[in-house]
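The values are calculated or read from the model by the stated rules, or taken from the named source; none is laboratory data. Predicted model only: the values in this text are computed from it and were never measured. Quick reminder, even Gly has a Cβ in these numbers, built from the backbone with ideal geometry, and neighbours come from all protein chains shown.
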There are 4 protein chains.
Amino acid sequence: MKLGFVGFGAQAQENLVPCCLTLAGVEVLGICDQNPARRQDALKMLPSARVFSDAATMMDSCDLDAVVVACYPSGHYEIACQALDRRLPVFVEKPPAPSIGHLDKMIESARHSGVTTGVGMNFRYASVTKRLKALCEEQVNSVTLRHFCSKPTTPFWDHTCLLKSFLYSQSIHSLDFLINLCGTVRQVTTVGENIGERIVLTIVLTFQNGVTASLVTSNTCPHFVFDFDVIAMGSRLISSSALWSITVSEVGKAYHLDEAKRWSDSWEHSPLASGFERSGYAGQMNEFICAVREQRESEISFASVRPVYNCMAIIEEQMAQPVQALSRIAS
Amino acid sequence: MKLGFVGFGAQAQENLVPCCLTLAGVEVLGICDQNPARRQDALKMLPSARVFSDAATMMDSCDLDAVVVACYPSGHYEIACQALDRRLPVFVEKPPAPSIGHLDKMIESARHSGVTTGVGMNFRYASVTKRLKALCEEQVNSVTLRHFCSKPTTPFWDHTCLLKSFLYSQSIHSLDFLINLCGTVRQVTTVGENIGERIVLTIVLTFQNGVTASLVTSNTCPHFVFDFDVIAMGSRLISSSALWSITVSEVGKAYHLDEAKRWSDSWEHSPLASGFERSGYAGQMNEFICAVREQRESEISFASVRPVYNCMAIIEEQMAQPVQALSRIAS
Amino acid sequence: MKLGFVGFGAQAQENLVPCCLTLAGVEVLGICDQNPARRQDALKMLPSARVFSDAATMMDSCDLDAVVVACYPSGHYEIACQALDRRLPVFVEKPPAPSIGHLDKMIESARHSGVTTGVGMNFRYASVTKRLKALCEEQVNSVTLRHFCSKPTTPFWDHTCLLKSFLYSQSIHSLDFLINLCGTVRQVTTVGENIGERIVLTIVLTFQNGVTASLVTSNTCPHFVFDFDVIAMGSRLISSSALWSITVSEVGKAYHLDEAKRWSDSWEHSPLASGFERSGYAGQMNEFICAVREQRESEISFASVRPVYNCMAIIEEQMAQPVQALSRIAS
Amino acid sequence: MKLGFVGFGAQAQENLVPCCLTLAGVEVLGICDQNPARRQDALKMLPSARVFSDAATMMDSCDLDAVVVACYPSGHYEIACQALDRRLPVFVEKPPAPSIGHLDKMIESARHSGVTTGVGMNFRYASVTKRLKALCEEQVNSVTLRHFCSKPTTPFWDHTCLLKSFLYSQSIHSLDFLINLCGTVRQVTTVGENIGERIVLTIVLTFQNGVTASLVTSNTCPHFVFDFDVIAMGSRLISSSALWSITVSEVGKAYHLDEAKRWSDSWEHSPLASGFERSGYAGQMNEFICAVREQRESEISFASVRPVYNCMAIIEEQMAQPVQALSRIAS
């Protein structure tokens, strides 16, 4: 599996390239970045790779099996189109596209070219997510997810709007996590505020299967938080903190000393857990690479994140036009 | 402070009576219960107390400063009225009344008689709640509260409706906690389901000051859970688990080794913390008793829980008549 | 059960008196303290009690079933002797005696008078200790206990020696906990230092049944820590933190998803856990009061803490005379 | 930096090779394993590498900058000697040698050849270890380390003795961690037992600088545990669990609400922490590779683990000949 990387920023340097290097049979032939200093960094890291300043040139001059793109959302769109034009499988970091319109074109283009696509949705593949799904067996009743971070506090990428930057860089992960867990969204209800550089949102998703998920998210926390509680069929409460540990409480389970209350089953990673499994990067790249090998659509295809973009569009709309009466006003 | 207790069930035996006995200057003169076995239990616990089978008789024959009532909601209403008729200060366990109509009569009666009233809202006075309030200084942005429990799974008290039983026995606490923390409610949005004996609700409260609170609550967890995350002004995240510990993360704070990320300030109770402070029972009873001594309205007066009853009525209504379009339907 | 209290300091005010008031059938008839202000406090707390400045006078003028003493170690000795002379059951806070010689006289006196005695060894009765014992069924292999605190940093009570003050006020608890859990001590090995006001000790106890316990203890921690790990037969690891939670890991146990690794059973107190059970004060006072009623020796009799005093004497000796070669010197 | 690997078992596959692949400028030219199936695995993982069944052949036919060895302790010795004979820098997994005699020959050989050597002592380089050292600034008072695992339960490698297998595979890590943190060992005191397949040891190390460390370790726990508490100068208690989190309590520090008690500073990894930094594998390999580049002795040279072997020898001796009277016998 011969890969070419476009964009050698922090995400590529710290996660994507190292993660791919640890996967069986993967070779990195080329690295492309417009910044000369980063091309130097790339050569320091991988002396045997070829470096490029232009993605199309790399695609044309290396015999690549797939391209992995991690730059700007607008760049993601352009480079994905260049790859699809060449019938070259392409993986792009989130957000895969700067707007729902762009995403639709990418989906259409992928369908037309018939090659494998992928988006960087690592939370779906985190170790605790996989355990959660096995425990739930698709019988979730309710989810509450707390996703806190410290940025963005100014609009970035090509956006002029802070809220959009926040949704496209942060909420895309938590929304995708919830949709991947719960299924097709029926309703979106957004309450919260975006005053100055502070965003604090409560987003309630109701799904076609009756599940309710509430996402509380903000850019005002000094560090990254990703904690959730899931109520699942069989009267189980499944809680997880920091993608590190998971705790299951279950009505009627036999416990030590025959006590029926206050006992839980807890799991956490080994002190020596290493690599890219825990964070889901390994699972995400592995799914993409297997799909390329098997010439099939990946689980994380461009099309798979379409429902997330739809939610983000509704959230933007709801925040723009304060809904008059979401519900009866308390008097 | 001479107290008479009405109802000597588990809550009185385990929390209210022991808690009051540990407060300075409190004497328990009389205990009333219709059940002869419980009157025997009362005498075993407090040999010097007088026992009664009728509350009015106790009020008339003991020289009481106040009555503490912990029986059925309908009993709460009746006995509270009997006490107020006698101009006797009265504290009732939650729920103080079986309906909003009854509560309004109790409030009116209390206003007319001018004596101190109280309701068992201990969560307001838990140690972590007091720390939380001091940390926030009324500048909350957002709250997410998870309140899980294992009951009721059948209607109880005089209710025929499981949802009402759940709201009046469980949600009354979490709603009161949120209202006490955040202020006047502007909107209530309820999503969730009550199928058979299973209740899973997500309740979003928006407050007049712009704060948003989401309460996720269910009767499907084997044990009691009361965890919350609060985002407060100054870019602080304040988390608490089990009324035991509290953690504060704050943007820009100077930490060990000058690291700005991933450090938090944490507080938890002493291994030897004892008594009724942590759970808030001491604070609640102390506030009522001080108010009786000072002949003032207590912070936990009948009137103080009127907004909670209002919310519960809206929630019942929203669950009864599925709101058509809370928000734009995701297509 | 009519009790008289001697000493109305913090321990009596916050734990012993409130705890006893919550026990069935207990009445507090008298409170004795040499300090007039504290006698006023006692009357505020218990208006119906009689107050005294002299313990003997209280014993002679109230019809008491037992005396509870919480003052100075030298006072403990004197007042215990006065009570035993009157054949009055007596409970004393730790340390029960200012020296092993005094303790031996108290034990002899108790044996002669034949009345019930008790010492304030609450850690034996903490909720997690009771669970631990039930889980272990006396088949402990090894224990490590971390007991950290912030005092004493100057000699107190009538001691001139800081180490003795530390042992008699702090280590008495951890040593008693270990001896109560593991049985008869065979050897004591002390390493560590006491330089200036800083004490840092590692004490290894080996027991006749082959069990090893290591106690790491210090007066240099800002708050009280009481954490332990127990390895028990059946390849179980039982860990506890802050007398609040307990976690059991067990080789070969069937877990969720059939995973054999990294899962544990965890238990923690309810958010609403109140009263004096968790800290062991209720269990300790209850054992004493039951023993008085049943006219038997209590589990926490003066004699029961003799092995602890023996250990403390050995530790003092080992710290005074640096052992030359505890073991082969590493070259 | 061109590396050849000897031994392609689990440790090489999961940690050493992937970790090295993520380091800047590292190329894996050759992989050697006697097992043909593993050579196939090696080719699947790294199609561009050459595979060998004999280490000497690999060293002679590839232009290597260093060799990384992870096979059997006896193999470690032989292959290290082969590399040193060729003046080729060599890194070996723990244990580097099957006996102290072998280790001494390796140290002498390394000194003679003048090339860089390394041993797999990753715990020294774990993220929490680095934070711990920065916090302590070499002013440790006392350490307690709990190191529990589930194996070995039968002798392995070329050993006939279970205790030796345990010490050489497990305790080598915890002893090295303590010696690296505290300095030169003065005394070793071992208590505990090895009955059948069960090992439960308490090892107390006293250091020349007066520091005391107690290591409680066992092979009877279902999963790997590595938790410690360090008391450091300045009245600080530093605790860590699972190489994941670290908590610092400090006397006299100013906290929220001006409370002086029960507050701590806590740090834990990011939910997305990936790669080989946390477990120390990255730090260990980086130190070796930098030392090779700079043609200097590495911090983890063969000689650097000599004190650990010395301790292990003393522990074996102490367990073989039950010390008669480590200390005064408690009567």
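Before moving on, here are some points about what is shown:
The rows are residues; the columns are (1) in a loop (DSSP other than H, G, I, E, B); (2) among the hydrophobic types (A, V, I, L, M, F, W, C); (3) more than 14 Å from chain C (Cβ to nearest Cβ).
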site: B:ALA24; (1), (2), (3): yes, yes, no
site: B:LEU29; (1), (2), (3): no, yes, no
site: B:ASP41; (1), (2), (3): no, no, no
site: B:ILE79; (1), (2), (3): no, yes, yes
site: B:GLN82; (1), (2), (3): no, no, yes
site: B:ASP104; (1), (2), (3): no, no, yes
site: B:ILE107; (1), (2), (3): no, yes, yes
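- Scanning segment D:236-252 for residues that are part of a loop (DSSP other than H, G, I, E, B) and more than 7 Å from every other protein chain (Cβ to nearest Cβ) turns up just one, D:GLY252.
- Taken over segment C:188-219, the criterion of being more than 20 Å from D:THR144 (Cα to Cα) and not small (Gly, Ala, Ser) is satisfied by C:GLU197, C:PHE207, C:GLN208, C:ASN209.
- Subset of segment D:253-279 (residues that are of a type outside the set (D, E, K, R) and assigned to a strand (DSSP E or B)): D:TRP263, D:SER264, D:SER266, D:TRP267, D:GLY275
- Scanning segment D:302-322 for residues that are crowded, with 16+ Cβ neighbours inside 10 Å and of a type in the set (A, V, I, L, M, F, W, C) returns D:PHE302, D:ALA303, D:VAL305, D:VAL308, D:CYS311, D:MET312, D:ALA313, D:ILE314, D:ILE315, D:MET319.
- Lone qualifier among D:ALA313, D:ALA291 - being assigned to a helix (DSSP H, G or I), of a type in the set (A, V, I, L, M, F, W, C), under 27 Å from D:TYR168 (Cα atoms) and in contact with a Pro (Cβ under 9 Å, 6 or more places away or on another chain): D:ALA291
- Inside segment A:148-172, residues that are more than 16 Å from A:VAL308 (Cα to Cα) and not aromatic (Phe, Trp, Tyr) make up a count of 12.
- Residue ID - modelled with the lowest pLDDT, chosen from residues in segment D:137-177 that are of a type in the set (Phe, Trp, Tyr) and over 20 Å from D:ASN122 (Cα atoms): D:TRP157
- Condition met for B:ALA134 (of a type in the set (Gly, Ala, Ser) and modelled with pLDDT of 95 or more): no
- The residues listed here are A:ILE203, A:ILE199; of these, the one that is over 22 Å from B:ILE199 (Cα atoms) and buried (at least 19 other Cβ atoms within 10 Å of the Cβ) is A:ILE199.
- Residue match in segment C:295-307 (condition: among the aromatic types (Phe, Trp, Tyr), within 20 Å of the chain's Cα centre (by Cα) and over 30 Å from B:GLN13 (Cα atoms)): yes
- One residue alone among C:ARG306, C:ARG293 is in contact with a helix residue (DSSP H, G or I) (Cβ under 7 Å, 6 or more places away or on another chain), modelled with pLDDT of 95 or more and of a type in the set (Lys, Arg), and that residue is C:ARG306.
- Scope segment D:253-282; condition more than 12 Å from chain A (Cβ to nearest Cβ) and under 19 Å from D:VAL128 (Cα atoms); matching residues: D:SER264, D:ASP265
- Selection of helices (runs of 4 or more DSSP H) fully inside segment B:117-231 by the criterion of at least 1 residues being more than 11 Å from every other protein chain (Cβ to nearest Cβ) and of a type in the set (Asp, Glu) returns B:172-182.
- Residue satisfying all of: in segment D:3-36; more than 20 Å from the chain's Cα centre (by Cα) and polar (S, T, N, Q); surrounded by the fewest Cβ atoms within 10 Å (Cβ to Cβ) among these: D:ASN35
- Residue check for D:VAL17: assigned to a helix (DSSP H, G or I), β-branched (Val, Ile, Thr) and assigned by TED's automatic domain parsing to the domain that holds D:CYS62: yes
- Filtering segment D:251-280 to residues that are over 26 Å from A:ALA10 (Cβ atoms), surrounded by fewer than 21 Cβ atoms within 10 Å (Cβ to Cβ) and of a type in the set (D, E, K, R) leaves D:LYS253, D:ASP258, D:GLU259, D:LYS261, D:ARG262.
- Residues of segment C:43-77 classified as in contact with a Lys or Arg (Cβ under 9 Å, 6 or more places away or on another chain) and part of a loop (DSSP other than H, G, I, E, B), total: 5
- Any chance C:PHE91 is buried (at least 20 other Cβ atoms within 10 Å of the Cβ), among the aromatic types (Phe, Trp, Tyr) and farther than 17 Å from C:ARG306 by Cα: no
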